[in-house]
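Enquirer: One structure is given below, represented as C-alpha cells, and several questions about it will come after.
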Amino acid sequence: MSLEFWFEPESLRALCDDGVWARGTALFKARAVRRLAVSAQGDHWRLEGDVQGTQLAPYQLSVSMALMPDGAVDYWRSQCSCPVGLQCKHGVALMHQAARQGPSELDRARGLALPAAGLNRPPPARSDVQQRMAEVHRMESEARLMNWLLALDKAAGLADGDAPAGAGGAADRPEQYVYLLSVVGAPRAAPLLQLEAVVSYPKVTGGWAKPKLVRTQPGKGQAVFDRAGDTDRQVLQLLRALPRHQNYYSAYSGAPCAVVEGQIGLLAVQQAASTGRLFADAGGSTVGAPLRWGELLPIEWAWQAVSGGAAGAQAQDSGWALQARLPQAGATLCHNNPPMYLDAAAGLCGLAHAPGMEPAQLEVLLHAPTLSAAALQKYQADVARRLGPVPLPPVLQGLTRLDGVAPVARLHLAPTPAAGVAYMGLITAQLRFDYLGHVGWWVGQPLSVLVDGLDGEGGKVLLQRDGRAEIDAVSRLMDLGLLGVDEGLFGIPGERPQGAWMLWADEGFAALREAGFALTVAPELDGWITHAQTIHVHLGPEGAEGDGGDDAFGLDDGADGAEPGGGAGAHGDGGDPNPSPWFELSLGIEIDGQRHNILPWLPDLIAAAASAAPDPAEPGGGAKGLALPPFLYLPAPSGHGFVRLPTDTLKPWLAALLDLAGDRAHDFSGESLRLSRLEALRTSASLGDGVAWEGAASLHALVQQLQGQGQLPEVPVPAGVQAQLRPYQQQGLNWLQFLRANGLAGVLADDMGLGKTLQTLAHIQVEKDAGRLVQPALIVAPVSLMGNWEREAARFTPGLRSVVLHGKERHALAESMAEHDLVIAPYSLLQRDRERWLEARWHIVVLDEAQNIKNATTNAAQVVAQLQANHRLCLSGTPMENHLGEIWSLFHFLMPGFLGSQQRFRDLFRNPIERQGSTERLAQLRARITPFMLRRAKSVVAHELPPKIETVMPVDLSGGQADLYETIRLGMEKTVREALQAKGLARSQITILDALLKLRQVCCDPQLVPLEAARKVHTSAKLAQLMEMLPEMLAEGRRILLFSQFTSMLALIEAELSKHGLPWVKLTGQSQKRDAIIDRFTSGEVPLFLISLKAGGVGLNLPQADTVIHYDPWWNPAVEAQATDRAHRIGQTQSVWVVKLVARGTIEERILALQEKKAQLAESLYQGAAGRKQPLFTESDLAELLQPLSLP
C-alpha cells in the first residue's frame, strides 16, 4: 500500500458492483466530494459527508466501514439521500476521499486496528473476499425487503405500529422517532423548554428501549426517516426551523433538537404530543408515560422576602423578590416565548399566560431583580402605576386598589370659542371616563394609574383602567366623524362641513346618547337651532310696489347697463312705454312671526345646491332635480345659533339661481337681488309649474306663452304681403311678433321648404306698417341665396325697399343703406366690411342659414355678435349639424349669456350629453332652448306634400378598386393609430381627415385619389352603376338632381355623360350666371342637373325635380336633407325618389351609421325624444370608420 493512503482503495472494488465503482471513481476525480468527517465507533469507522450530484444541493451520506490488519477494506455499508440510497456511486466517491484523508490524530490514538504505514502485506485470499461480499449482499437484500414491506404498509394506510406481527423479534419492532421535552438553563439561568427527537423502538415487555441520540440531520435514505409518517416529518421539519440551544450541540451538529420558540415551536410540541411519543426527558435509560397537551395555566405572582435586601444594600435593609408561580405544584414554569410549563408527574405540558399583560411586560417581570423595601416605599406611586395586575409588595399593602370597574364615557358639549372654530369646528366635545366617581382622561398612560381618593377618603387609589372600553368610546366618536386632539377634546375640523352638529342639535343630540355616551350640554347651546315657518319669494320689476300685476316685460329703453342683445326703440302694443330693464328678487323667512331677509345666505345656499347630486326621483333634472336634504341650516339673523330652513320651497329657486351664479357675480348683501330682464326670464322659465312666487304677473304670462301654455296674440297679415299665409305660417308670424314685443330673440327652424323666408318678410312688413322699422332690417345670407331673397321680397312684399350689397359696387350702394327697409348681404363680407356693419344701427338682424356661424370663433360669428340691433332672428332648418357647440354659438348671437359662457356650457351640457349620454342634461337643455325655437316638420304641417321615398343602393367594389381600397385602408389605419398615440384625437384632425378623404375618394372613383397606384385602376363600380341607371331614368321622363361633394367627380360624370350623349347642366362654386343655369333645368330644357353639395345644397327651389341622387354620402345628415329638400318642398306635386349610392362594406356604410347618431341627437334636442345612454362622439367612431372592406 502506498504511504499516501489510509487504506488501499482498490480493496473496495471487490466489494461493489463494477458500474458503481466506475461511476463513483469518476465522481471523486471530478472533485464532487464537498465534506468528509471520520470518527471511530468502537469496532468500526463512521464516515459522514456531502457529495455533489445532479441536484442543486449535495447529497448527504453516512458510511460504516471496517479495515483488516493488512489495510484492506473488510466491509462497508453506505446510506445516501440520493434516490439509490444504498451502496451508491456517491458512497464510492466518499470512500476514495477517506482513503486519502484518513482519520484525525485523536481517533488514531483510540487504538483501532490501523494498518502500519509502509507495510506491504499480501492481499486477502479470494475466498475471504467472496465471503464478505456475500454478507454484504445478504444485508442489502434484507434491507430492500423490509423497505418494500414498509412501503406496502403505508400504501394500505397502516400506521407504524399496525404492521402484521412477525416472529416477535427486533425486526417486528422497527425504530421510530421519540420526542423528549427537557428543561434547560436552570438553576443558574432562566429555565427554558427544549424539544429533541431521538430514536427508539417498543420493547416486547412494554415501554420503550433506551433512546438513541440522532447525530445527523434526519432525511431520506435513513431507514427510520423513510418509515416515519407525515406527522413525524412535520415535527422534524419544524425542529429544523427552530433555534438550537447554544450549549447542547456544536454549531455543526445536525441533531433535531431546539428550544421551543414562537408559534413554530408550539406547533412542533403539539404535533409531537399527537403522536403519543412525547415524553419528559428523565435522563435515564427508559421513558415514562407519554405527555399530553394540557390546558392554559395562569401565572400567579408572589413577593418573597429576601434577607439582606438587594445587591449593594445595607445588611439591615430587607428586600423583596417577585416570583412567578403556577397553580399546580408539580408544574415547572419555563420562560419560553410564549411561556410554557412542564408537569412530568401529571404527564402534561402546555401554555402559561399572564392575563392583561403584554409579552414584553411579562418578560421584564420574569426577570425582576431583588428590590429593597426602602426604594419601594420611596417610589410607591411609580411602582403601583406600573405593576398593573401584579400584587403590590407587602411593604406597600396600604395602598387602595380599584380594579374590574367598567367606566362610564361622559361627554360634555359646549360652543367652541370664536378663535378655535377654524380648528375645532362649531362645537367642542370633551370626553372623560368615570370609574365610580374617579373621573379623568388617561389615554396614553399606563393602564394602572395612581389617583387621589374621593372626598372623605383621602390617600391615594391605584386605578386599574379598562383600556378596551376607553378605546371603544374613542372609536365610536370617530365613527360619528369627530376627530380628537389633546386632553380628550373632540370636534369636526373647521374646514369640514358642520351640518352634523346642526342636525344633532336639532334632534337634542340623541345620536350621541344612542352611541352610549352620558351627555351634558352647556347652557349656551340652548335654543341653538330655531325653525323657519314660511318662505316668501317676490320677483318683480325694479322699483315696482306690491304685486306688480299690471307691469309689462317690455323692451329695453336703452338705459346704461342693459344686457347685451337688448334693443332700443318703440314698444309694442299695449305695453309699458318705459319698462324697467331690471328686476328685483327678494327672499325672506318668517321666524317667530317676524320676517328676515335671507339674501345674504344665498351664496351658501347656492354652494350647497352646487354640491348636491341630481335627484334620481326627478329624472328631468332642471329646476327640481337637486338632491338637497329636507332642511338646510343657516346662521341665525340674531347671531346666535342657526335657523333650520325647509328646502322644498327653495329647491326650484336654488336650481335657477345656481345657473345664474355661474355666469356673473351678484350682490347678495342688499334687501333684493338685481336681475336683468333676461336673467329674470331664465329664472322664471326654469321654475316650472307649481312654484309659488309673487310679482311680475306679465312675466308669469310670458313664460307660459313661451312654453306653449298660453295663446299667442293673433297678428293680422299686412296688406302689403302679397301671399296667403298657411295656418302654420300665420302661427310663425305670431311667434316672431311675440318675441319682438317682449325683447326676445329666437330661431325659426322649420323644415326646408316650409317658407321661412315668407314668414320673415311678413314679420318685417308688420314692423314697417307699425312705424317701428326706423332702421333697416339686415338679412345676412350665403351668396347663393342673396338672389332668392331679392326675388322673394319683390314677389311677396313689394312695398319693402331692398338693396343687395355685393360686388365692387357695394360701396356706393352702402351710402344709401339707411334709405332702404331691407339690406341683403353675404356672410363673406362681414369681416371685410366690419366697420360699416358695426357702425350702423339695425332694427332687425336676420341670419339665414344661420349654421354658417356654428363656429363661434370665426370672424363672421364674432362680427354678427357685435351688431347693434333691436331684434335678432336666426333661420335654419338645421340649427345643429354636428355638435351642441353650434347651438351655443347661435344663442350667443341671439341672446348673449342665455346659455352661459362657452366653458360653462361645455361643462354643464355638452360634455355630459355628448360624452356621457346624459338624458337628464339633454332634457334640461331642451327645456331651456325650445321656447325660443319654433320648428315644424313638413310631415305635420304640409299634408298636401307628396311622399319622399329614400333608397340606399349598395354597390360592390371589386378587382383593382377593392384591392386599392384595402391597401389604402391598411396604410391609413397605421398612420392614424400612430398619430392618436403621439398627439391624441384633438391634435390629429388633419391626419384623420386626410385618411378618411382618401377612402371616400376610392369609393367614388380611383381617379380621384392623388396616388400613383390609383392611376393604374381604371374601373369604378359606382360610376358604372350610375351610368347603367341614368339612361333608363331619363327615358322614363324623370327630372334628376345629382349631388356630389367632389367637383372633380362631377367632371368625371360629365365625361361619361358626353360619351353616352346625355344632356346635363352643372352648378358648382365656380359657376358663372347661376340663374341662367338654374333656368335651363327649371324650364325643362335639360332633365339632369349636376350640383356640388356645397354650392347648391341650400337656397335653391327646384320642385320641378322628382328624383334626387346622392352619389357619395356626406358626414352630416342635415346637409344631405337640405339638398334633398331642393326638390321635396312646397310646390312639389310628385313623389320624390331619393337614391343614395353606397359602396358596400366600406367607409360609406359607416358614414351612414354616424349620420344616424347625429340625427338622433338633433331630433332629441328638437322634438324631446329620449336621448341615448351612450356617448355620441368617441374614438370608437374612428375605429369603426377604418374597418376592413367587408363584402357579402
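The values are calculated or read from the model by the stated rules, or taken from the named source; none is laboratory data. The structure displayed is predicted, hence computed values, not measured ones. Positions of Cβ are backbone-derived with ideal geometry, glycine not excepted, and every protein chain shown enters the neighbour counts.
Enquirer: Could you give every pair whose Cβ atoms fall below 9 Å, whose first residue belongs to the range 521-533 and is under 19 Å from LEU632 (Cα atoms), and whose second residue is polar (S, T, N, Q), counting only separations of at least 6 or pairs across chains?
Expert: Between residues of the range 521-533 that are under 19 Å from LEU632 (Cα atoms) and residues that are polar (S, T, N, Q), the close pairs are THR530/SER638.
Enquirer: Mind listing whichever residues of the range 175-219 are out of contact with any Pro (no Cβ under 7 Å at 6 or more places or on another chain) and of a type in the set (Ser, Thr, Tyr)?
Expert: Selection gives TYR177, TYR179, SER182, THR205, THR216.
Enquirer: For residues that are touching an Asp or Glu at 6+ places or on another chain (Cβ under 7 Å) and in a loop (DSSP other than H, G, I, E, B), tally how many sit in the range 721-750.
Expert: Summing the residues that are touching an Asp or Glu at 6+ places or on another chain (Cβ under 7 Å) and in a loop (DSSP other than H, G, I, E, B) in the range 721-750 gives 1.
Enquirer: Looking for something over 16 Å from GLY294 (Cα atoms), assigned to a helix (DSSP H, G or I), assigned by TED's automatic domain parsing to the domain that holds VAL198 and modelled with pLDDT of 90 or more - is there at least one such residue anywhere in the range 264-273? Can you show your working first?
Expert: Kept after step one, since they are over 16 Å from GLY294 (Cα atoms), are these residues of the range 264-273: 264.
Of the ones still in play, those that are also assigned to a helix (DSSP H, G or I) are 264.
Still in the list and also assigned by TED's automatic domain parsing to the domain that holds VAL198: 264.
Those left that are additionally modelled with pLDDT of 90 or more: 264.
Yes; the residues of the range 264-273 include at least one that is over 16 Å from GLY294 (Cα atoms), assigned to a helix (DSSP H, G or I), assigned by TED's automatic domain parsing to the domain that holds VAL198 and modelled with pLDDT of 90 or more.
Enquirer: Next question, about the same structure. Would you pick out the residues in the range 830-871 that are free of Cβ contacts under 8 Å to residues at least 40 places away in the same chain and among the basic types (Lys, Arg)?
Expert: ARG832, ARG834, ARG836, LYS854, listed by residue number.
Enquirer: Might you check whether a residue that is over 30 Å from MET895 (Cβ atoms), assigned to a loop (DSSP other than H, G, I, E, B) and not aromatic (Phe, Trp, Tyr) occurs anywhere in the range 958-973? Walk me through it before giving the result.
Expert: To start, the set of residues in the range 958-973 that are over 30 Å from MET895 (Cβ atoms) comprises 958-973.
Checking the rest, the ones that are also assigned to a loop (DSSP other than H, G, I, E, B) come to 958.
Next, only the ones that are not aromatic (Phe, Trp, Tyr) stay: 958.
So far as the range 958-973 goes, yes, one or more of its residues are over 30 Å from MET895 (Cβ atoms), assigned to a loop (DSSP other than H, G, I, E, B) and not aromatic (Phe, Trp, Tyr).
Enquirer: Residues in the range 376-402 that are under 19 Å from GLY453 (Cα atoms), outside any helix (DSSP H, G or I) and modelled with pLDDT of 75 or more: how many?
Expert: 5
Enquirer: Also, I was wondering about something else. Can you find a residue in the range 409-416 that is among the polar types (S, T, N, Q), at pLDDT 90 or above and under 54 Å from the mean Cα position of the chain (by Cα)? Let's see the steps before the verdict.
Expert: Keep residues of the range 409-416 that are among the polar types (S, T, N, Q), which gives 416.
Applying the additional criterion that residues be at pLDDT 90 or above yields 416.
Pick out the ones that are also under 54 Å from the mean Cα position of the chain (by Cα) and you get 416.
Yes - at least one qualifying residue is present in the range 409-416.
Enquirer: May I pose another question? Please enumerate the residues belonging to the range 63-86 that are assigned to a loop (DSSP other than H, G, I, E, B) and within 60 Å of the chain's Cα centre (by Cα).
Expert: Within the range 63-86, SER81, CYS82, PRO83, VAL84, GLY85 meet the criteria.
Enquirer: Quick check, is ALA429 within 15 Å of LEU413 (Cβ to Cβ) and either in contact with a Cys (Cβ under 6 Å, 6 or more places away or on another chain) or not in a loop (DSSP other than H, G, I, E, B) (or both)? Write out each step before concluding.
Expert: Values: within 15 Å of LEU413 (Cβ to Cβ): yes; either in contact with a Cys (Cβ under 6 Å, 6 or more places away or on another chain) or not in a loop (DSSP other than H, G, I, E, B) (or both): yes.
Criteria met by ALA429.
Enquirer: Restrict the check to the range 828-843 and report whether at least one residue is crowded, with 20+ Cβ neighbours inside 10 Å, in the same structural domain as ARG928 (by TED's automatic domain parsing), more than 30 Å from GLU679 (Cα to Cα) and of a type outside the set (A, V, I, L, M).
Expert: No, the conditions are met nowhere in the range 828-843.
Enquirer: Name the residues in the range 766-782 that are part of a helix (DSSP H, G or I) and touching a Lys or Arg at 6+ places or on another chain (Cβ under 9 Å), would you?
Expert: Residues of the range 766-782 part of a helix (DSSP H, G or I): 766-769.
Within the range 766-782, VAL766, GLU767 meet the criteria.
Enquirer: List the helices (runs of 4 or more DSSP H) that sit entirely inside the range 1056-1155 and contain at least 2 residues that are within 53 Å of the chain's Cα centre (by Cα).
Expert: Values: elements: 1074-1082, 1093-1096, 1117-1124.
Ranges flagged: 1093-1096, 1117-1124.
Enquirer: Same structure, new question: Please state which of the following conditions LEU195 fails to meet, knowing it meets all the rest: (1) assigned to a strand (DSSP E or B); (2) touching a His at 6+ places or on another chain (Cβ under 9 Å).
Expert: LEU195 satisfies all of (1) assigned to a strand (DSSP E or B); (2) touching a His at 6+ places or on another chain (Cβ under 9 Å) except (2).
Enquirer: Looking for whichever is among the β-branched types (Val, Ile, Thr) and either surrounded by 15 or more Cβ atoms within 10 Å (Cβ to Cβ) or free of Cβ contacts under 8 Å to residues at least 12 places away in the same chain (or both) here; the options are VAL804, VAL774. Which one fits? Working first, answer last.
Expert: On the way: VAL774 fails: either surrounded by 15 or more Cβ atoms within 10 Å (Cβ to Cβ) or free of Cβ contacts under 8 Å to residues at least 12 places away in the same chain (or both).
Result: VAL804 is the single residue among VAL804, VAL774 that is among the β-branched types (Val, Ile, Thr) and either surrounded by 15 or more Cβ atoms within 10 Å (Cβ to Cβ) or free of Cβ contacts under 8 Å to residues at least 12 places away in the same chain (or both).
Enquirer: Starting from residues that are aliphatic (A, V, I, L, M) and modelled with pLDDT of 90 or more, keep the ones in the range 433-451 and report whichever is nearest to the chain's Cα centre (by Cα). So that I can check it myself, show each step before the final result.
Expert: Start the filter on the range 433-451 by keeping residues that are aliphatic (A, V, I, L, M), which leaves 436, 439, 443, 447, 449-451.
Pick out the ones that are also modelled with pLDDT of 90 or more and you get 436, 439.
Values: LEU436: 51, VAL439: 48 Å.
Out of the qualifying residues, it is VAL439.
For (1) of a type in the set (Val, Ile, Thr); (2) without any contact (Cβ under 8 Å) to a residue 60 or more places away in the chain, each residue gets a yes or a no:
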position	(1), (2)
TYR379	no, yes
VAL383	yes, yes
PRO391	no, no
VAL395	yes, no
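Enquirer: Moving on to the next point. Return a yes/no flag: does the range 955-962 have any residue that is small (Gly, Ala, Ser) and either under 34 Å from the mean Cα position of the chain (by Cα) or not assigned by TED's automatic domain parsing to the domain that holds TRP1137 (or both).
Expert: no
Enquirer: Ok, one more. For the range 448-510, which fully contained strands (runs of 3 or more DSSP E) count at least 3 residues that are out of contact with any Ser or Thr (no Cβ under 9 Å at 6 or more places or on another chain) and not polar (S, T, N, Q)?
Expert: Details: elements: 448-452, 460-464, 489-491.
Fully inside the range 448-510 and qualifying: 448-452.
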